[in-house]
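See below for the structure under consideration.
Values quoted throughout were computed directly from the atomic coordinates according to the rules given, and no laboratory measurement underlies them. In this text the structure is predicted, and so the values were computed from the model without any measurement. Note that each Cβ is placed from the backbone with ideal geometry, even for glycine, and that neighbours are counted across all protein chains shown.
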Amino acid sequence: MGFSHPLDPLSAAEVKAAAAACRTKASQEKLSSVLRFNAITAEEPSKKALVAYDTGKGRRPQRRAFCILQAWPKPPVIEAIVNLGVPRPVVVSWKPIHGVQALAHPDDCILAETIAKADPEVQRKLREEYGITDLSLVACDPWSVHGPPVEGRLIQLWMYVRSSPTDNHYAHPIEFVPFVDLNKRKVVYMELPHSQALDIPKRDVNYHHTLFDEWRSGLKPLNVVQPEGPSFQLEGNLVKWQKWQLRLGFNFREGVVLHNVGYEDQGRVRPILHRASLVEMAVPYGDVNEPFQRKCAFDVGDYGLGFCANSLELGCDCLGHIQYFDAILNDTKGNPLVIKKAVCMHEEDAGILWKHMEYRDGTAEVRRSRKLVISFIATVVNYEYAFYWSLYQDGTIDYQIKLTGELSTNALSAHELDSGLGEYGTIVTPGVNAQNHQHMFCARLDFAVDCDAGGRSLVVTETNVEGMGAGPQNPFGNGFRAVERELATELQAKRCTQSHTARTWKIKNPTCINPITRTPVAYKMMTGASPQILAVPGSLLAQRGEFATHNLWVTPHSDTERWPAGDYPLQSQGGEGLGKWTRQNRTVSGCDPVVWHAFGVTHFPRIEDFPVMPVEVVGFTLKPVNFFTGNPGVDVPPERNAASKLNNCCQRDVDSSASAKL
């Protein structure tokens, strides 16, 4: 089977071949012939082998697939590695993993809803207690289970009903929660939060275009036009744009992955990132009443962002001259699952890159900034997460997540109805509460700042601003300075953001000194809103989401340390991942450090977030610090946009009628 680079995602043929090899192995092991494939993805080569290959110092790594599967209906989870680089693909590793649950594939989520709707007791409750007989209008949101019960492979289902096929069901919660065991294929438990059935809120609150009669007026077209096409080039999955180079990857769990990110400077592509991706999320809810304490999804590890990726629409999700990439994943039968247009790449205007006017004569030099944006959007049950990597001409890398979609709602209890207040949330329509919650993200950033060996020599430092105080060294009281210290071990590197000292973290290469500043070349991480998880220390939530107790973690690189909440967070009891690894307190300076950034949003819902939520933006920025010998964007050519027009003016030249009075 041909492939162009060891990091390329699997082809459809390779997915089929890997599944077939696993079936052969299962037959040899005398296991059930019904294999359920949770994931079939490319097995990335070790970092050592990959760096050797990319630098021309090693042979081409073998092409392999990594499979997560179950011989249904019995546990355990099985991890299989399939060698695809032989005439007949063969399993070279077959490892049962006991005591864990593999992620819930989209097929599992659909199956759980189907099982719940077919259950006689669920149907009886809907019919007798709520008067619901049309099951096509019932929506069962499939959530992973946080906390007990833990026996079986469980999905809990939050129940809603629609008044019509396109109605917003989150306005009509039904207050009971079936638990489906996917292995037993039945409802095994029912949570009843109230002693009696509550009335279903009746008011429709909709956003679907078929339910709108009148739209706002006055909005005129705004077109993004590139008459000469885009400025990027593609060679397979290798992207080149404005001195940037990177290799684009995609998998079932992380979605988009950036590999081998570098910037061309003085005839050489200088490495910046070996690998970058979002590796986990925790979404804990703050309602202390049962059953809501079980609402905490780990969306990356529980569902897989790649599996949840949307098929994007031209002219809606992305504007301009668009390059789409399909994602080839798998269904639970081991067949290829193709998500068309899963990833969007395009250019955007980003305002001005730089400007200066010489006030003495009025002459100005200004350059427009442009960015290359690589994005995908994942729907994880009720929420949409839109993920954007942006590269700028001045060497800046920006990562943004835009949160939108639907609030997860519940009916008000009798007590809350009497008081008129939602105790742990906001009333978004009469009788409906949207609960307080957090979105805690974790990015894994394997830097390679000017290091062809993949970042082996790097160190991580923290910088805080410090006022000098009164004294002879600061006679006028205006002095302040940056105080920098090295984070040499894992425990030293467990840090939190601190805005009042303008705290930043640098990733430096002490073996590469800037010839002008005489300091190591570096990139710094500038953080946005970065709360920590609000769970009580020692609680199950704090143990499972330990990665979110600090905003910065640093570990020495290990090919086996990829998932900050553990390899299998679904129904886990915590104690795995970043917290466990860093308790070893290993040295990280000069040991190929990997930076983990935990960041997020604490969301107190507003009524303006309903019936659908305007985007909330969170993220971070990576900027060069003494990496270049000057502004790398100074050579961007001047440009006057010929398509720009004056408002209320038909003359070619500027006249006073085109400028409104301030």
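With helices as the sole contributors, the chain gives -2500 deg cm²/dmol at 222 nm; each DSSP H run of n ≥ 4 counts as -39500 (n - 2.57), and the sum is divided by every residue. A Cβ-based charge dipole, computed about the Cα centre of the stretch 512-616 with Lys and Arg at +1 and Asp and Glu at -1, lands at about 380 debye.
Evaluating 6.51 cos²θ - 1.76 cosθ + 1.60 at θ = phi - 60° for every residue in the stretch 167-178, the Karplus couplings come out as 5, 7, 6, 5, 7, 9, x, 10, 8, 8, 10, x Hz, glycine and proline recorded as x. Of the listed values (1) 27.5, 101; (2) 24.2, 78; (3) 26.9, 86, grab the one calculated as Rg and Dmax of the Cα atoms in Å from the structure here. Structure-derived value, by its label: (3). The 3J(HN,Hα) values that the Karplus relation (6.51, -1.76, 1.60; θ = phi - 60°) gives for the stretch 318-324 are, in residue order, 9, 10, x, 8, 9, 10, 9 Hz. Gly and Pro appear as x. Each peptide in 599-610, 370-381 receives the mean, over its residues, of other Cβ atoms within 10 Å, and ordering these scores from highest gives 370-381, 599-610.
Here residue 30 and residue 358 are evaluated by their C-beta separation; at R0 = 60 Å the FRET efficiency comes out at 0.15. Each residue of the stretch 266-279 was assigned a 3J(HN,Hα) from its phi angle through the Karplus expression (A = 6.51, B = -1.76, C = 1.60, θ = phi - 60°), giving 6, x, 10, 7, 8, x, 10, 10, 6, 7, 8, 6, 8, 10 Hz with x at Gly and Pro.
Look at the dipole of the stretch 327-407 built from charges on Cβ: of 354, 388, 344, the Cα furthest out on the positive end belongs to 344. Between residue 606 and residue 647, the contour length at 0.36 nm per residue exceeds the alpha carbon distance by 11.1 nm.
Between residue 316 and residue 12, the simple spin-label model (points 7 angstrom out along Cα→Cβ) gives 2.3 nm. Using the Cβ-Cβ distance between residue 151 and residue 225 with R0 set to 60 Å, the FRET efficiency works out to roughly 0.55. Membrane-span-like helices in the chain, defined purely by DSSP H runs whose alpha carbon atoms cover 15 Å or more axially and whose average Kyte-Doolittle hydropathy reaches -0.5, are 12-28, 106-118.
Rounded to the nearest 0.05, what FRET efficiency do residue 639 and residue 500 give with R0 = 35 Å and r taken as the Cβ-Cβ distance? Could you check? Numbers along the way, then the final one.
Values: r = 40 Å, r/R0 = 1.15.
FRET efficiency, residue 639 to residue 500: 0.30.
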